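Contents: one structure, followed by commentary.
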Amino acid sequence: MEEEAIITTPDELQEYFINMGPQHPSTHGVLRLLVSLKGEMVKNIEPHVGYIHSGIEKMCESLTYPQIIHLTDRMDYISAHINNEAVCLNVEKALEVDIPDRIKVIRTIMSELTRIQSHQLWWACFGMDLGGLTCFFYGLRDREKILDIFEETCGGRMIVSYNCPGGLMYDIHPNFQKRVKDFIKYFRKILPEYDQLLTGNVIFHERSKGIGKLTKEDAISFGVTGPTARASGFSCDVRKHEPYSAYDRVQFKEILLSEGDTFSRYVVRIEEMWESMNIIEQLIDNIPEGPFAVKMKPIIKLPEGTYYQRVETARGELGVFVISDGNKNPYRVKFRSPNFSNLSVLNHIAKGFKIADLVAIGGSLDLIIPDIDR
Amino acid sequence: MKREEFGDNESLDLLNASGTNILLTTIDDVINWGRKNSLWPLTFATRCCGIEMMASGAPRHDFARFGMEVYRASPRQADVIVVAGTIVHKMAPVLKRLYDEMSEPKYVVAMGACAISGGPFFLNSYSVVKGVEHVIPVDVYVPGCPPRPEALLYGMLQLQRLIETQTIKSRKERNASHNY
């Protein structure tokens, strides 16, 4: 009798909606997902953005170029340095400033340190999302060591504001090289521990292998970039394809996997930490001598025209598009943020999985919400 | 934290002296002692300050030493909401609802420049709430952009001191004075 009752319930009545967010620990901020469920299965996900929209693009129009740096810092705050680099490179490209090697090398080292700390934080949170609280403690313990390096050189822990158009705000601290080398030595020993904790864990395998598969074609058509796309085999590393700063003089592998599931997205990020350490090791001993900043005019005015510069942040490709009318303020600034495109694929890959898998898939995309909303 | 480590003990004494009642003082002391040593924060973060809040809970800074380690995902189980980050107009009703859902006694810490005044988004931004006290009453302000974990810890210790001085009467008066 009971079975009959279930069967006779029409399909459309079995569907119901759940609001995930804006205050939900696994959305890593204030993303709101309107999840339509059938039983425990996800049928459709509708992301609602704008809960942290602070109008950065509009604000940029009333600020000068050196001031914009302080807003891009707060866009994708975990790869703050790389965001700043995008704006600075754009301004330098427009003014055709020749940047000395010292600045390029220091920027590259700082970018890679930023990438490592971003992936560490992601690893910590991803582990915590899947119920492994130990990851949180291990990941953030090691992240503090990078933040110490940042603090000594830049004065800030996370929001560094170290770049400025034409170079760097100040020279590196005398201890910088020694501390970075110490960190690499330490982290090369620690990183296998991450693998022991999570990568080989059977429960973790069950929850991540085959979950949220993204094909290469879909990754390209949705505009997915970064580690998420590279896990699907889409070669999209801006550092390789369009080298900026000092990336043309270092040897490194672009990590490419083909499965495209949650587990391979995890593996790509772990491998990227190894590659970042390789890049830093190649550069740290030969930082060239020279000035840390080029002398720029007190008021920077870009010549009329449009300028575009893209960089590879820890989450994917960040593009900065500037339209200038020749004034000290840009006429229009548009950021092509990696997280916005990565979010758009969530509905596509999480459909048909259980709601608990949605947390795993969302975690593996590594979304930063203020970067989506800007 | 030791008494002599704070600079402003006179105002604490003044607060202690005003509005106290011989019968209720001892009960208040016991209740306040319990409340201040088990402050459970709500997992609520909007921007960079949230990462520093996580760092405060991490091994280096370790919230747990002061009884604050239990981050609650549900507002009904939380005692204190640390507003970590920018609040925009779309988020403000949600924040108010979260605050309303918390059970008494509840406290608010405004962490970072955005929550205090709008911070870097104070000028020229059309969507940012210029200070979280427009939405909910704030007990402690922690300045910084973002504040270091040590700063947040100091702010939370100040909140503990604030709780120490509270009586049933002053709690009621505080709630009555905030018509949000």
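The values are calculated or read from the model by the stated rules, or taken from the named source; none is laboratory data. Just so we're clear, the structure is a prediction, and the values are computed from it rather than from any experiment. Counting neighbours? That spans all protein chains shown, and the Cβs are built from the backbone with ideal geometry, glycine included.
So which residues in the stretch A:203-237 are basic (Lys, Arg) and under 16 Å from the mean Cα position of the chain (by Cα), if there are any at all?
Result: A:ARG230, single match.
Quick check on the stretch A:132-140. Is at least one of its residues away from every other protein chain (no Cβ under 14 Å) and either assigned to a loop (DSSP other than H, G, I, E, B) or without any contact (Cβ under 8 Å) to a residue 60 or more places away in the chain (or both)?
Among the residues of the stretch A:132-140, at least one is away from every other protein chain (no Cβ under 14 Å) and either assigned to a loop (DSSP other than H, G, I, E, B) or without any contact (Cβ under 8 Å) to a residue 60 or more places away in the chain (or both), which makes the answer yes.
With the requirement that a residue be loosely packed, with under 14 Cβ neighbours inside 10 Å and assigned to a helix (DSSP H, G or I), what does the stretch A:175-189 give you?
Within the stretch A:175-189, A:LYS178, A:ASP182, A:LYS185, A:TYR186, A:ARG188, A:LYS189 meet the criteria.
Scan (1) away from chain A (no Cβ under 14 Å); (2) in a helix (DSSP H, G or I) for the single condition B:VAL109 breaks and write down its number.
(2)
Give me the residue from the stretch B:115-151 that is in a helix (DSSP H, G or I) and within 12 Å of another protein chain (Cβ to nearest Cβ) and, out of that set, nearest to the chain's Cα centre (by Cα).
B:ALA151
Does A:PRO298 satisfy the condition of being modelled with pLDDT of 90 or more and not in a strand (DSSP E or B)?
No.
Identify, from the list A:SER344, A:SER337, the residue that is closer than 24 Å to A:VAL49 by Cα and over 12 Å from the mean Cα position of the chain (by Cα).
A:SER344
Count, please, the residues in the stretch B:78-96 that happen to be part of a helix (DSSP H, G or I) and either within 9 Å of chain A (Cβ to nearest Cβ) or of a type in the set (Asp, Glu) (or both).
So the answer is 2.
Just to verify a result, which residue in the stretch A:198-216, among those that are out of contact with any helix residue (DSSP H, G or I) (no Cβ under 6 Å at 6 or more places or on another chain) and part of a helix (DSSP H, G or I), is nearest to A:LEU283 (Cα to Cα)?
Only one residue tops the list, namely A:THR199.
Considering only residues of the stretch A:17-59 that are within 30 Å of A:ARG332 (Cβ to Cβ) and among the basic types (Lys, Arg), which is surrounded by the fewest Cβ atoms within 10 Å (Cβ to Cβ)?
If we take residues in the stretch A:17-59 being within 30 Å of A:ARG332 (Cβ to Cβ) and among the basic types (Lys, Arg), then A:LYS58 is surrounded by the fewest Cβ atoms within 10 Å (Cβ to Cβ).
Which one of A:ALA229, A:ALA219 is outside any loop (DSSP other than H, G, I, E, B) and in contact with a strand residue (DSSP E or B) (Cβ under 8 Å, 6 or more places away or on another chain)?
Testing whether each residue is outside any loop (DSSP other than H, G, I, E, B) and in contact with a strand residue (DSSP E or B) (Cβ under 8 Å, 6 or more places away or on another chain) leaves just A:ALA229.
Please find, among A:ILE116, A:ILE172, the residue that is assigned to a helix (DSSP H, G or I), touching a residue at least 24 places away in the same chain (Cβ under 8 Å) and surrounded by 14 or more Cβ atoms within 10 Å (Cβ to Cβ).
Every option except A:ILE116 fails the conditions.
Just the residues that are part of a loop (DSSP other than H, G, I, E, B) and away from chain B (no Cβ under 14 Å), please, taken from the stretch A:17-52.
Scanning the stretch A:17-52 gives A:GLY39, A:GLU40.
From the set of residues in the stretch A:150-204 that are in contact with a strand residue (DSSP E or B) (Cβ under 8 Å, 6 or more places away or on another chain) and hydrophobic (A, V, I, L, M, F, W, C), which is farthest from the other protein chains (Cβ to nearest Cβ)?
Within the stretch A:150-204, the match that is farthest from the other protein chains (Cβ to nearest Cβ) is A:LEU168.
Mind listing whichever residues of the stretch B:43-77 are facing another protein chain (nearest Cβ under 8 Å) and of a type in the set (A, V, I, L, M, F, W, C)?
B:PHE44, B:ALA45, B:CYS48, B:ILE51, B:MET54, B:ALA55, B:ALA58, B:ALA73
Among the residues of the stretch A:295-303, is there at least one that is surrounded by 21 or more Cβ atoms within 10 Å (Cβ to Cβ) and touching a strand residue (DSSP E or B) at 6+ places or on another chain (Cβ under 7 Å)?
Checked against the condition, which is being surrounded by 21 or more Cβ atoms within 10 Å (Cβ to Cβ) and touching a strand residue (DSSP E or B) at 6+ places or on another chain (Cβ under 7 Å), the stretch A:295-303 yields at least one hit.
I need the full set of residues from the stretch B:152-168 which are within 13 Å of the chain's Cα centre (by Cα) and either β-branched (Val, Ile, Thr) or facing chain A (nearest Cβ under 10 Å) (or both), in order please. It would help to see each step written out before you state the result.
As a first pass, look at the stretch B:152-168 and keep what is within 13 Å of the chain's Cα centre (by Cα): B:152-163.
If the condition is that a residue be within 13 Å of the chain's Cα centre (by Cα) and either β-branched (Val, Ile, Thr) or facing chain A (nearest Cβ under 10 Å) (or both), then B:ILE163 is the only one that fits.
Within the stretch B:61-95, track down each residue that is of a type in the set (Lys, Arg) and surrounded by 15 or more Cβ atoms within 10 Å (Cβ to Cβ).
The first filter runs over the stretch B:61-95 and keeps only residues of a type in the set (Lys, Arg), leaving B:65, B:72, B:76, B:90.
Residues satisfying the conditions are B:ARG72, B:LYS90.
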